[in-house]
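Chemist: Got a structure for you, questions after.
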Amino acid sequence: MSASYDIQTYLLDRANVHDTVIRLTLNFDLKSYEGLVKDVYAPQVVIDYTSMFGGQPLETTSEEWAKSLDPMMAAFDGTQHVVEGLLIELPQPGKGAARPDKCKVTANVNGHLCRKAARGGHMMHNGGRYVLELVRLPELEQKGENPWRISKHATILSWEDGSPDVMNSVSSIGH
């Protein structure tokens, strides 16, 4: 029988989930593909950028996904992704509540992307939501690490403003 999901564990899970999501955008902007693999994504991931680029969601490994980002992100002179308003869906702690192995996060995200060689202007700004599913990896927890990793990453575009040419280098992302 599993232990009850207590307040301390609930708060630690919320903090760890929050940190994983923040690390997602930070590692994008730092072009840290090692950080994406080590600190953000689960070994197997589903990546869905169909809202932005069409196509189908991509089922892959975190290593292949991070490797595929390298040439695309190298085309930008700079990026800044801002994620906020994280709604972390975990069960409330208490008697009879079991600790979850997965959770869902919905968050607002804005992207500011610069590519000086783009025709029609060098900036693209966009905004929308991340819809993320995270899993808890016990092997990381046993090592004293944050155990929460993203297993499904969907980006839902709500708006964009700027030069569409800025995004041409990444139009194959996520499929």
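The values are calculated or read from the model by the stated rules, or taken from the named source; none is laboratory data. Everything numeric here is computed off the predicted structure, so don't read it as measured data. Note that each Cβ is placed from the backbone with ideal geometry, even for glycine, and that neighbours are counted across all protein chains shown. Each accessible area value is taken on the protein alone, full model and side chains, heavy atoms only, with ligands, DNA and RNA left out. Shrake-Rupley method; radii C 1.70, N 1.55, O 1.52, S 1.80 Å.
Chemist: Once you order the gyration tensor axes a ≥ b ≥ c over the Cα atoms, which shape class does the stretch 24-79 get: rounded for a/c under 1.5, otherwise prolate or oblate by comparing a/b with b/c?
Modeler: Values: a/c = 1.89, a/b = 1.11, b/c = 1.70.
In terms of gyration-tensor shape, oblate.
Chemist: Please report, in debye to the nearest 20, how large the charge dipole of the chain is about its Cα centre when each Lys and Arg carries +1 at its beta carbon and each Asp and Glu carries -1 there. Let's see the in-between values first.
Modeler: On the way: 17 positive and 22 negative charges, 29 e Å.
It works out to roughly 140 debye.
Chemist: For each pair in Lys95/Lys152; Lys38/Lys95; Lys102/Lys143, compute the distance between the two Cα atoms and list the pairs where it is over 27 Å. Could you put the intermediate results ahead of the total?
Modeler: On the way: Lys95/Lys152 30 Å; Lys38/Lys95 34 Å; Lys102/Lys143 19 Å.
Over 27 Å Cα-Cα: Lys95/Lys152; Lys38/Lys95.
Chemist: Here is a follow-up. Got a sec? Charge dipole of the stretch 22-175, +1 on Cβ for Lys and Arg, -1 for Asp and Glu; which of Gln80, Gly55, Ala98 is way out at the positive end?
Modeler: Ala98
Chemist: Along its principal axes, what span do the Cα atoms of the stretch 80-171 show, with the longest given first and each in whole Å?
Modeler: The Cα atoms of the stretch 80-171 stretch 59, 26, 17 Å along the principal axes, largest first.
Chemist: Within the accessible area of the stretch 42-175, what % is carbon and sulfur when the probe is 1.4 Å and the other protein chains stay in place? Mind showing how you got there, number by number?
Modeler: Working: 3380 of 6850 Å².
It is 49 percent, rounded to a whole number.
Chemist: Compute the signed sum of charges (Lys and Arg +1, Asp and Glu -1) over the other residues within less than 14 Å, Cβ to Cβ, of Leu69. Let's see the in-between values first.
Modeler: On the way: positive: Lys31, Lys67; negative: Asp29, Glu34, Glu63, Glu64, Asp70.
Taking every other residue near Leu69 into account, the sum is -3.
Chemist: Give a residue-ordered list of calculated ³J(HN,Hα) values for the stretch 127-132 (Karplus: 6.51 cos²θ - 1.76 cosθ + 1.60, θ = phi - 60°; whole Hz; x for Gly, Pro).
Modeler: Karplus values, whole Hz, x for Gly and Pro: x, x, 9, 9, 10, 10.
Chemist: I would also like to ask the following. So what are the three principal axis dimensions of the chain from its Cα atoms, in whole Å, longest to shortest?
Modeler: 61, 27, 27
Chemist: Could I ask something else about it? What relative contact order, as a whole-number percentage, does the chain give when Cα pairs under 8 Å and 6 or more residues apart are counted?
Modeler: Values: 371 pairs, mean separation 48.1, N = 175.
Contact order relative to length: 27 percent.
Chemist: With a 1.4 Å probe and every protein chain left in place, work out the accessible area per residue of the stretch 65-175 in Å², rounded to a whole number.
Modeler: Each residue of the stretch 65-175 exposes 50 Å² on average to a 1.4 Å probe.
Chemist: Just to verify a number: FRET efficiency for Glu64 and Thr9, C-beta to C-beta distance, R0 = 25 Å, to 0.05? Before the final figure, lay out the partial values.
Modeler: On the way: r = 33 Å, r/R0 = 1.31.
E(calc), rounded to 0.05, equals 0.15.
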